[in-house]
Amino acid sequence: MRTFTVPTVELPAGQQIPALGQGTWGLGEDPAYHDDEIAALRTGLDLEMTIIDTAEMYGDGTAEQLVGDAVFDRRDDAFIVTKVLPSHAGRPDTLRACEASLHRLRTDYIDLYLLHWPSPVPLDETVDAFTTLQEQGKIRFWGVSNFDGVDLMELTAVPDGGSVQTDQVLYNLAHRGIEWDLLPACQRGGPLIMAYSPFDHRGTVLRHPTVAAVADRHGVTPAQVAIAWVLRQDGVSTIPKASTPEHTRENHGALAVRLDLEDYAALDRAFPPPDGPRPLEMI
């Protein structure tokens, strides 16, 4: 089978990262699946899907521990993304949360550290903590998750807020609201959009007959169509989850899918693009 080199996207700081990575939400919670999940993540590294996304919230840290187990002897191969909870967004709490994540991840630095969603804590306090962590060499870059356009404007107005590198948001065929405003704004020079849940957590996308028909026409799976559709956008990366090596290889196979105008038209009819601004959706 041909191996397709993973395309890259660029962070505002100039760092190239793969457009297709790996998510870990729901992984690490059942020891019975530990070996398969480790193998899935390591298979992704072999296939150049080197972004591994996790969070302190996932399984109360068990997902971070799983990532640490998967990459402890391959740290230089991985680009680790993890997230701090909004309840830990104050400066001292962020510094402590980062130390705890580093311990669980079995590493001395995090590649990209995100605020998981907007917090009542003033943004300048969180950004100050991120800047301190960068100065200490404990994180390389920082970003946010689940921020809408107004949130990003408020962020970039605080000191050093313009250093934000990513906005990780829900984006898939069933949730296209960001196409109206947030996505184009980021494509014009804002932070990189990192799309989570490209299959849609409710299964709406993978079970839809139109997605199945497009997949059949190309001889691929509905999951591969869903990923390929997200990756059609310039400056967008995505982080589908896989719990087995076979699933990881299936996700990677999406890079070979070439959707055409007929496919896009059919998918637009099944999942219409937004016709006006919508509140940012999240899970």
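The values are calculated or read from the model by the stated rules, or taken from the named source; none is laboratory data. Model, not experiment: these values are computed from the prediction. Positions of Cβ are generated from backbone atoms using ideal geometry, with glycine treated the same way; all protein chains shown enter the neighbour counts.
Kindly indicate which of Glu10, Glu56 is touching a strand residue (DSSP E or B) at 6+ places or on another chain (Cβ under 8 Å), surrounded by fewer than 17 Cβ atoms within 10 Å (Cβ to Cβ) and either polar (S, T, N, Q) or closer than 26 Å to Glu154 by Cα (or both).
On the way: Glu56 fails: surrounded by fewer than 17 Cβ atoms within 10 Å (Cβ to Cβ).
Checking each option against the conditions leaves just Glu10.
Which members of region 29-53 meet the condition of being surrounded by fewer than 18 Cβ atoms within 10 Å (Cβ to Cβ) and small (Gly, Ala, Ser)?
Ala32, Ala39 - these are the residues of region 29-53 that are surrounded by fewer than 18 Cβ atoms within 10 Å (Cβ to Cβ) and small (Gly, Ala, Ser).
Yes/no per residue for (1) of a type in the set (Asp, Glu); (2) in contact (Cβ under 8 Å) with a residue 60 or more places away in the chain:
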{"site": "Pro12", "(1), (2)": "no, yes"}
{"site": "Leu27", "(1), (2)": "no, yes"}
{"site": "Asp30", "(1), (2)": "yes, no"}
{"site": "Asp35", "(1), (2)": "yes, no"}
{"site": "Ile38", "(1), (2)": "no, no"}
{"site": "Thr50", "(1), (2)": "no, no"}
{"site": "Thr54", "(1), (2)": "no, no"}
{"site": "Val67", "(1), (2)": "no, no"}
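Out of the residues in region 183-203 that are hydrophobic (A, V, I, L, M, F, W, C) and over 12 Å from Val236 (Cα atoms), state the one that is surrounded by the most Cβ atoms within 10 Å (Cβ to Cβ).
Among those residues, the one meeting the criterion is Phe199.
On the basis of being in a helix (DSSP H, G or I), more than 19 Å from Thr248 (Cβ to Cβ) and not small (Gly, Ala, Ser), does Leu41 make the cut? Please lay out each step first, then the result.
On the way: in a helix (DSSP H, G or I): yes; more than 19 Å from Thr248 (Cβ to Cβ): no; not small (Gly, Ala, Ser): yes.
For Leu41, the condition - in a helix (DSSP H, G or I), more than 19 Å from Thr248 (Cβ to Cβ) and not small (Gly, Ala, Ser) - is not met.
Test Ser243 against the stated conditions and say whether it is hydroxyl-bearing (Ser, Thr, Tyr) and assigned to a loop (DSSP other than H, G, I, E, B). Outline the logic, then answer.
Values: hydroxyl-bearing (Ser, Thr, Tyr): yes; assigned to a loop (DSSP other than H, G, I, E, B): yes.
The answer is yes for Ser243.
Looking only at region 56-107, count how many residues are within 28 Å of Pro122 (Cα to Cα) and of a type in the set (Asp, Glu).
5
Quick one: which helices (runs of 4 or more DSSP H) sit completely within region 121-223 and have at least 2 residues that are within 22 Å of the chain's Cα centre (by Cα) and either under 17 Å from Lys83 (Cβ atoms) or at pLDDT 95 or above (or both)?
Fully inside region 121-223 and qualifying: 123-135, 149-156, 182-187.
Please determine whether any residue of region 64-80 is part of a strand (DSSP E or B) and within 17 Å of Ala40 (Cβ to Cβ). I'd like the intermediate steps shown before the answer.
At the first step, the residues of region 64-80 found to be part of a strand (DSSP E or B) are 79-80.
The next check asks that each one be within 17 Å of Ala40 (Cβ to Cβ); those that pass are 79-80.
Yes, region 64-80 has at least one match.
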